[in-house]
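See structure below.
Please treat every number below as a calculation from the coordinates, not as lab data. What you see is a predicted model; the values in this text were computed from it and never measured. As a convention, Cβ positions derive from the backbone with ideal geometry for all residues, glycine included, and neighbour counts pool all protein chains shown.
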Amino acid sequence: MIDTTLDVAAMLADFGQPCTWAAAPGGARTAQAILNAPGADLLGGQVISTEYEILYATADLPGLASGARLSIAGANYQVREIHALDDGATAHATLEKV
């Protein structure tokens, strides 16, 4: 069996940036997360939309849920949806810039 926990930790350490959840239960939590901001063409290219998302280790931000507010690189975001990936060690959260 392959332990992917070390791979995820290394990936977040290399490519992640600090993500702070100020209102976390028990006090503020900061974890490494990879922020993606891919653009999407809508209405046949007439509108370009940015879909913010993060990849993070679920153990680093336990209890993160829809509606939570995060701060990443000086910008504030609100969590829209969270989806656990594979075995649940990592998750993908879609964000809305606030």
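Here are some notes:
- Length gained on full extension, T30 to H92: 20.7 nm, using 0.36 nm per residue less the C-alpha separation.
- Nearest-0.05 FRET efficiency for A37 and L85, computed from C-beta distance (R0 25 Å): 0.85
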